[in-house]
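For reference, the structure is listed below as structure tokens.
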Amino acid sequence: MKIIIVNEQDEEIWVKERLEVRLDEIYRVSCLFIENSTGGVFLAQRWFLKSHSPGKWWPAAVGTVDAGETYEENMYKEAEEEIGLSWEKFTKWKKYRSTGKHQYFCQLYRLTLDRDISEFTKEEWQVETLRWFTREELDNLTKESPEIFTSSTVKMIQGTI
């Protein structure tokens with residue numbers, strides 16, 4: 001799989017095989033943050049065998065933008081693959097730059113959706129489990145056990161991204 005490598009301004013500079021990307025190279029990620037009408041947040045627990053952040057909670061659909069895709073095209077593809085969500089209209093939200101161990105720009109999308117957990121399907125090798133959290137649960141968990149989430153998820157929940 002080839003992915004887009006970008007500069008500090010998120011301008012494409014080349015395309016590279018995913019496994020050849022160095023830690024100092026910047027790539028693109030899209031991410032879907034789903035809430036329901038009561039303020040609940042839908043999260044996915046990453047598959048326990050993932051190389052990055054196994055078992056941690058993060059937004060329900062996240063993906064690295066492939067060569068030839070836009071952030072938006074990638075988001076729709078990932079939402080369908082990872083949680084079986086199609087035909088919903090996402091709203092472009094925020095974009096941020098991660099400068100941790102992995103370097104990337106992340107375009108966030110939002111969606112308000114009232115669906116039972118049984119109406120979603122999970123991609124087995126990507127997602128361990130899916131769950132709706134109340135805002136109160138997330139506020140408590142991000143303070144008491146932030147290590148169960150990816151660091152960017154904690155920032156999204158706390159409103160610092």
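Couple of notes before you dig in:
- Whichever residue in the stretch 64-75 is in contact (Cβ under 8 Å) with a residue 40 or more places away in the chain and among the β-branched types (Val, Ile, Thr) and, among such residues, is surrounded by the most Cβ atoms within 10 Å (Cβ to Cβ): Val65
Table: residues versus (1) under 16 Å from Ala60 (Cβ atoms); (2) at pLDDT 95 or above; (3) in contact with a Ser or Thr (Cβ under 6 Å, 6 or more places away or on another chain).
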residue	(1), (2), (3)
Glu88	yes, no, no
Lys92	no, yes, no
Gly100	no, no, no
Leu111	yes, yes, no
Ile117	yes, no, no
Phe120	yes, no, no
Glu123	yes, no, no
Glu128	yes, no, no
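- Residue match in the stretch 15-33 (condition: within 30 Å of Asn140 (Cβ to Cβ), among the aromatic types (Phe, Trp, Tyr) and buried (at least 16 other Cβ atoms within 10 Å of the Cβ)): yes
- Cβ-Cβ distances below 8 Å connect the following pairs, each with a first residue in the stretch 76-97 that is among the acidic types (Asp, Glu), a second residue that is part of a helix (DSSP H, G or I) and modelled with pLDDT of 95 or more, and a separation of six or more residues or different chains: Glu88/Ala79.
- Qualifying residue in the stretch 134-143 (condition: at pLDDT 95 or above, surrounded by fewer than 18 Cβ atoms within 10 Å (Cβ to Cβ), touching a Ser or Thr at 6+ places or on another chain (Cβ under 9 Å) and not polar (S, T, N, Q)): no
- On inspection, Lys94 does not qualify as under 18 Å from Gln158 (Cα atoms), within 12 Å of the chain's Cα centre (by Cα) and not hydroxyl-bearing (Ser, Thr, Tyr).
- Residue in the stretch 17-37 that is under 13 Å from the mean Cα position of the chain (by Cα), of a type in the set (Gly, Ala, Ser) and part of a loop (DSSP other than H, G, I, E, B) present: no
- Residue within the stretch 150-157 that is at pLDDT 95 or above, polar (S, T, N, Q) and either over 12 Å from the mean Cα position of the chain (by Cα) or not in a loop (DSSP other than H, G, I, E, B) (or both) present: no
- Candidate set: the stretch 97-109, residues that are within 14 Å of the chain's Cα centre (by Cα) and surrounded by 16 or more Cβ atoms within 10 Å (Cβ to Cβ); chosen: the one farthest from Asp24 (Cα to Cα): Tyr109
The values are calculated or read from the model by the stated rules, or taken from the named source; none is laboratory data. The model shown is predicted, which means the values in this text are computed figures rather than measured ones. Reconstructed Cβ throughout: ideal geometry from the backbone, glycine too, with neighbour counts over all protein chains shown.
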